[in-house]
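Please treat every number below as a calculation from the coordinates, not as lab data. Remember, predicted model here, so these are calculated numbers, not experimental data. Here Cβ is always computed from backbone atoms with ideal geometry, including for glycine, and neighbour counts include all displayed protein chains.
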Amino acid sequence: MSLASIGVPGLIIILVIVLILFGPKKLPEVGAAVGKTLAEFKKSAKDIMTDEEPAPNEIKKKDQL
């Protein structure tokens, strides 16, 4: 299940539940925390995906040691 399969009605329901749980005064704080967490997750995922893997000849050298 991806985020795209939730749809607009699902997002509205989620937002209403969050509003009821945290109230309108805490909503900006919750939104900022979620945004920071999502940004950090994206940065970490990007770093993992861009890490270079060792070349096959380097793997052979390590195995011979």
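Summary table
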{"item": "Ranked by how many other beta carbons lie within 10 Å on average, peptides 43-49, 28-34 from highest", "result": "28-34, 43-49"}
{"item": "J(HN,Hα) series, the stretch 23-38, from Karplus relation 6.51 cos²θ - 1.76 cosθ + 1.60, nearest Hz, glycine and proline x", "result": "x, x, 6, 8, 4, x, 5, 5, x, 5, 5, 5, x, 5, 5, 5"}
{"item": "Estimated Rh, the stretch 1-45: Kirkwood, alpha-carbon pairs, angstrom", "result": "11.9"}
